[in-house]
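Colleague: Sending over a structure as structure tokens; questions will come in a sec.
The values are calculated or read from the model by the stated rules, or taken from the named source; none is laboratory data. In this text the structure is predicted, and so the values were computed from the model without any measurement. Positions of Cβ are backbone-derived with ideal geometry, glycine not excepted, and every protein chain shown enters the neighbour counts.
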Amino acid sequence: MRPGPKPGARDTRFFDDAWQDDLLRALATLAMELSVTRDRLAALERVLQTGEAVEALPPDPAADAVQARARLKLIDDVFGPLVDRLAKS
């Protein structure tokens, strides 16, 4: 595996086969979108529970911590097997 890309680089290759890089990029994009969707759903659920506008919701450190743990779990679930496999090769 090659070293990491420079920030903002879109043409960085990690694998010898370009389709594997494209698949990894698509997987990362889907994981990011799922994470954002889950965060937005959690905010919508808070709006529905409180009856307040999104802009009026007070910060909720406990909810933020739950979302942060869920994000880390998503990253581990999606990318963990890939990282483990690459570490063995």
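Colleague: Identify, from the list 34, 44, 23, the residue that is touching a residue at least 12 places away in the same chain (Cβ under 8 Å), assigned to a helix (DSSP H, G or I), surrounded by 10 or more Cβ atoms within 10 Å (Cβ to Cβ) and aliphatic (A, V, I, L, M).
Modeller: 34 is the lone residue from the list that is touching a residue at least 12 places away in the same chain (Cβ under 8 Å), assigned to a helix (DSSP H, G or I), surrounded by 10 or more Cβ atoms within 10 Å (Cβ to Cβ) and aliphatic (A, V, I, L, M).
Colleague: Let me ask something else about it. Taking segment 7-16 as the region of interest, how many residues are more than 26 Å from residue 73 (Cβ to Cβ), surrounded by 10 or more Cβ atoms within 10 Å (Cβ to Cβ) and not hydroxyl-bearing (Ser, Thr, Tyr)?
Modeller: Residues flagged as more than 26 Å from residue 73 (Cβ to Cβ), surrounded by 10 or more Cβ atoms within 10 Å (Cβ to Cβ) and not hydroxyl-bearing (Ser, Thr, Tyr) within segment 7-16 amount to 1.
Colleague: Would it be correct to say that residue 68 is closer than 30 Å to residue 11 by Cβ, of a type outside the set (Phe, Trp, Tyr), without any contact (Cβ under 8 Å) to a residue 40 or more places away in the chain and surrounded by 10 or more Cβ atoms within 10 Å (Cβ to Cβ)?
Modeller: Criteria not met by residue 68.
Colleague: Mind checking which residues of segment 55-65 are surrounded by 11 or more Cβ atoms within 10 Å (Cβ to Cβ) and either assigned to a helix (DSSP H, G or I) or within 15 Å of the chain's Cα centre (by Cα) (or both)?
Modeller: Matches in segment 55-65: 63, 64.
Colleague: Continuing with this model, one more query. Determine if segment 54-66 includes at least one residue that is modelled with pLDDT of 85 or more and either touching a Leu at 6+ places or on another chain (Cβ under 6 Å) or hydroxyl-bearing (Ser, Thr, Tyr) (or both).
Modeller: The answer is no; no qualifying residue exists.
Colleague: For segment 31-68, give me the residue count where each residue is aliphatic (A, V, I, L, M) and within 30 Å of residue 79 (Cα to Cα).
Modeller: 13
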